[in-house]
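Q: Have a look at this one.
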Amino acid sequence: MTTQFDYDLFVIGGGSGGVRAARIAASEHGAKVAMAEEYRMGGTCVIRGCVPKKLMVFAAAHGAAMDEGALYGWQVEKGRFDWPTFRTRLHAELNRLESIYTRNAEGAGVTIYPMRATLRDPHTVALADGRSVTAKHILIATGGTPFIPEPFRDLGGWTSNDIFLMDRMPANLLVLGGGFIACEMASLLQGLGVQVTQMYRGAQILRGFDQDVQDHVAAALVQQGIHLEVNTDLTSLEKLENGQFRATDTQGRTRQFEAVLFATGRVPNTAGLGLEQAGVTLDAQGAVVVDAWSQTNVPSIFAVGDVTGRIQLTPVAIREGHAFADTVFGGQSVRVDHSDIASAVFTRPEAGTVGLTEAEARAQGPVEIYMASFRPMQAAFVDAETKALFKLVVCADTRRVLGCHIVAPGAGELIQIAAVAVKMGATKEDFDRTVAVHPTMSEELVLLRKPVR
Ligand code: NDP
């Protein structure tokens, strides 16, 4: 393409968004592309996020299946979960996936620099080995990093990054936070045999989710055996000589825990990247400010994924990376539609959600709420209390289904399908015209006859 620069595109960050952008720019649009990754190819999702988390969710599910299996008539001798055995297999799998990421990028013609890269100016990247390279376009895809509140940093508390690397499982653990990571980690670690206490400063976990989802997940976590403490925050934390933590909270309690996990949010990974030096505008949280085409205020510099502080989800970063490559190197003008993006929280049971919450929809106009909450057949059989929730938020005027919220085993899988209908603008009557699949839990979605409010 150009001879003026070393590369047409230099991508900083080898995670989901960066790799997709690099591959599409190189293989589909013929760009000369390089990428720098300072840790491991694959980024947060593959190395220390979605993938290892989901494998731990599967591991925990086997424990629960053994308990339930006994009630279904199986003669089960359940032992203890052996973390080292699982961890060895986990890391073998992550190594395999990492090499696939590397191979795919290199196969597309992307040059990988396995080191830190920072910006020197709008077209120059400084590499950690002292070299510098130039590029016509630079893409910032450095993701995010866990945030620990100031007074508790440097005390040896864990973040989600540490969970996948721990030497042994603690007998008990304090989880701070009420978001995606806090709830998922609390649920899966409890499922693997850790006694979990989850402390959240707000009135109910999963802030921003539909209130019925919040309440159902909270009840499920408690039924799982987690000590869930809302309206409670940590006031002091001390690491003791025996390696334990002494934690004092706003309820005036002081307790000891073997480990503490801070799941108190993530911040954009922009510190020390040289962005300010290159003239790139950051917001108050340190996120790179971009327009609908992921372009910063410096025309040659773009950013995708968690570093932009938009929606922090892998598939969103991938879409943004792809749209960037098609726009800048493919001669198209592709904007990512950030509306009605489904997501799932992998607790036990899972929560899946797409579209508006009831509260958000009510703020826009009159709505009808259709909802079923019941014990699924497989839970009732083993006398488990856990309830499933199927909820539709419907616009009273247009009849469009504005939101769909599910708490149930496999809700992550179910919401993907429901999201197609919501994205297509399906009405409540479209759902009603669909004949049920029986016997399933999700047949409730097409059998919700009368609004509950
Ligand atoms: P979230 O923003 O979801 O949750 C952060 C939690 O930490 C909130 O409960 C927040 O409380 C609490 N918190 C923040 N600051 C403090 C503080 N100073 N003291 C005490 N509590 C605090 O972030 P996560 O880190 O859980 O996840 C980050 C993002 O990653 C998610 O938003 C999601 O987009 C993505 N993710 C997606 C997953 C999935 O798709 N399954 C899984 C994991 C992550 P409050 O609500 O009061 O602000």
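Q: Criterion first (modelled with pLDDT of 95 or more, over 30 Å from G355 (Cα atoms) and within 16 Å of the ligand (Cβ to nearest atom)) does Q251 satisfy it? Step through it out loud before you land on a result.
A: Values: modelled with pLDDT of 95 or more: yes; over 30 Å from G355 (Cα atoms): yes; within 16 Å of the ligand (Cβ to nearest atom): yes.
Here the answer is yes, as Q251 does meet what is asked.
Q: Tell me the strands (runs of 3 or more DSSP E) entirely within segment 237-292 that contain at least 1 residues that are free of Cβ contacts under 8 Å to residues at least 12 places away in the same chain and not acidic (D, E). Explain how you work it out, then say what you get.
A: Numbers: elements: 245-249, 254-257, 259-262, 266-268.
Passing ranges, in order: 245-249, 254-257.
Q: Looking at this structure, is I311 of a type in the set (V, I, T), within 16 Å of the ligand (Cβ to nearest atom) and without any contact (Cβ under 8 Å) to a residue 40 or more places away in the chain?
A: Details: of a type in the set (V, I, T): yes; within 16 Å of the ligand (Cβ to nearest atom): yes; without any contact (Cβ under 8 Å) to a residue 40 or more places away in the chain: yes.
So I311 fits the description; yes.
Q: Now for a separate question. Quick check, is A105 part of a helix (DSSP H, G or I), among the small types (G, A, S) and closer than 19 Å to A31 by Cα?
A: Working: part of a helix (DSSP H, G or I): yes; among the small types (G, A, S): yes; closer than 19 Å to A31 by Cα: yes.
Against the criterion (part of a helix (DSSP H, G or I), among the small types (G, A, S) and closer than 19 Å to A31 by Cα), A105 qualifies.
Q: While we're here: Taking segment 371-426, which residues are more than 24 Å from S339 (Cβ to Cβ), assigned to a loop (DSSP other than H, G, I, E, B) and not small (G, A, S)?
A: The first filter runs over segment 371-426 and keeps only residues more than 24 Å from S339 (Cβ to Cβ), leaving 372-388, 408-410.
Now restrict to residues that are assigned to a loop (DSSP other than H, G, I, E, B): 375-376, 382-387, 409-410.
Result: R375, P376, V382, D383, E385, T386, K387, P409.
Q: Within segment 427-440, how many residues are loosely packed, with under 15 Cβ neighbours inside 10 Å and either outside any helix (DSSP H, G or I) or among the polar types (S, T, N, Q) (or both)?
A: Within segment 427-440, residues that are loosely packed, with under 15 Cβ neighbours inside 10 Å and either outside any helix (DSSP H, G or I) or among the polar types (S, T, N, Q) (or both) number 7.
Q: Inspect segment 235-246 for any residue being within 15 Å of the ligand (Cβ to nearest atom) and farther than 23 Å from F147 by Cα and give the result as yes or no.
A: To start, the set of residues in segment 235-246 that are within 15 Å of the ligand (Cβ to nearest atom) comprises 235-237.
Right, trim to farther than 23 Å from F147 by Cα and you get none.
For segment 235-246, residues within 15 Å of the ligand (Cβ to nearest atom) and farther than 23 Å from F147 by Cα: absent.
Q: Could you list, in sequence order, all residues of segment 97-111 that are open to solvent by less than 40 Å² (accessible area, probe 1.4 Å) and over 26 Å from the mean Cα position of the chain (by Cα)?
A: Across segment 97-111, the qualifying residues are A108, V110.
Q: Moving to a separate point now. Kindly indicate which of L356, L414, L392 is modelled with pLDDT of 95 or more and under 29 Å from G73 (Cβ atoms). Spell out the reasoning first.
A: Values: L356 fails: under 29 Å from G73 (Cβ atoms); L392 fails: under 29 Å from G73 (Cβ atoms).
Matching residue, one of L356, L414, L392: L414.
Q: Regarding E443, is this residue free of Cβ contacts under 8 Å to residues at least 12 places away in the same chain and open to solvent by less than 70 Å² (accessible area, probe 1.4 Å)? Talk me through it step by step, then tell me what you get.
A: On the way: free of Cβ contacts under 8 Å to residues at least 12 places away in the same chain: yes; open to solvent by less than 70 Å² (accessible area, probe 1.4 Å): yes.
Considered against the rule, which asks whether it is free of Cβ contacts under 8 Å to residues at least 12 places away in the same chain and open to solvent by less than 70 Å² (accessible area, probe 1.4 Å), E443 comes out as yes.
Q: So how many residues does segment 302-344 have that are crowded, with 23+ Cβ neighbours inside 10 Å, among the aliphatic types (A, V, I, L, M) and outside any helix (DSSP H, G or I)?
A: Looking only at that region, the number is 2.
Q: Sticking with this one: Of the residues G321, G365, G330, only one is more than 30 Å from K32 (Cβ to Cβ) and either in contact (Cβ under 8 Å) with a residue 40 or more places away in the chain or of a type outside the set (F, W, Y) (or both); which?
A: Values: G321 fails: more than 30 Å from K32 (Cβ to Cβ); G330 fails: more than 30 Å from K32 (Cβ to Cβ).
The unique qualifying residue is G365.
Q: In segment 330-386, what residues are under 30 Å from E28 (Cβ atoms) and away from the ligand (no atom under 16 Å from the Cβ)?
A: Of everything in segment 330-386, those that are under 30 Å from E28 (Cβ atoms) and away from the ligand (no atom under 16 Å from the Cβ) turn out to be G330, G331, Q332, S333, V334, R335, D337.
Q: Moving on to the next point. Applying the selection to segment 274-289, what residues are among the charged types (D, E, K, R) and within 12 Å of A303 (Cβ to Cβ)?
A: Looking only at segment 274-289, we keep the residues that are among the charged types (D, E, K, R), and these are 276, 283.
Correct list: D283 only.
Q: Condition first: part of a helix (DSSP H, G or I) and among the charged types (D, E, K, R). Now tell me which residues in segment 441-453 satisfy that. It would help to see each step written out before you state the result.
A: Narrowing segment 441-453 to residues part of a helix (DSSP H, G or I): 442-446.
Selection gives E443, E444.
Q: Can you find even one residue in segment 178-192 that is closer than 30 Å to R362 by Cβ and away from the ligand (no atom under 16 Å from the Cβ)?
A: No, because not a single residue in segment 178-192 is closer than 30 Å to R362 by Cβ and away from the ligand (no atom under 16 Å from the Cβ).
Q: Report the residue count in segment 271-295 for those that are of a type in the set (S, T, Y) and open to solvent by 10 Å² or more (accessible area, probe 1.4 Å).
A: Filtering segment 271-295 for residues of a type in the set (S, T, Y) gives 281, 294.
Those left that are additionally open to solvent by 10 Å² or more (accessible area, probe 1.4 Å): 281.
Residues meeting the conditions: 1.
The values are calculated or read from the model by the stated rules, or taken from the named source; none is laboratory data. Since we're looking at a predicted model, the values are computed, not measured. Glycine also receives a Cβ, built like all others from the backbone with ideal geometry; neighbour counts cover every protein chain displayed. The accessibility values were calculated without ligands, DNA or RNA, using every heavy atom of the protein model including side chains. Shrake-Rupley method; radii C 1.70, N 1.55, O 1.52, S 1.80 Å.
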